[in-house]
């Protein structure tokens, strides 16, 4: 979101598992919430509701992604492994 220098095809090529895809998506959603939180400070108070609605939408995306991740993992340990951890596990 927002960064034109991100090569989606390159990122997709680095994803090897559904869990890696979910972790990448979670990162984007979290980054969006941070961005909107900072942006909200620049918006007049009477218009901040629109930013809050966008943030709520991102929170809902995170909830859905976490539920999917929970559904496809078999152990708690697997659920909490992140992309970087996957790389070290494979070596």
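Quick note: the coordinates plus some simple rules give every number you see, no bench work behind them. Because the structure is predicted, anything quoted here is derived from the model rather than measured. When we count neighbours, we look across all protein chains shown, and the Cβ atoms used for this are built from the backbone with ideal geometry, even at glycine.
Exposure proxy shown here: for 73, 17, the number of other Cβ atoms within 10 Å sets the order, fewest to most, as 17, 73.
Extension gain for residue 68 to residue 9 (0.36 nm times residue separation, less C-alpha to C-alpha distance): 18.9 nm. Residues within the reach of a label modelled at residue 28 (point 7 angstrom out along Cα to beta-carbon, backbone nitrogen below 17 Å), restricted to the stretch 52-70, are 55, 57-69. Pair-distance distribution P(r) for the stretch 20-86, from all Cα-Cα distances in 10 Å bins starting at 0: 20, 41, 24, 13, 2 percent.
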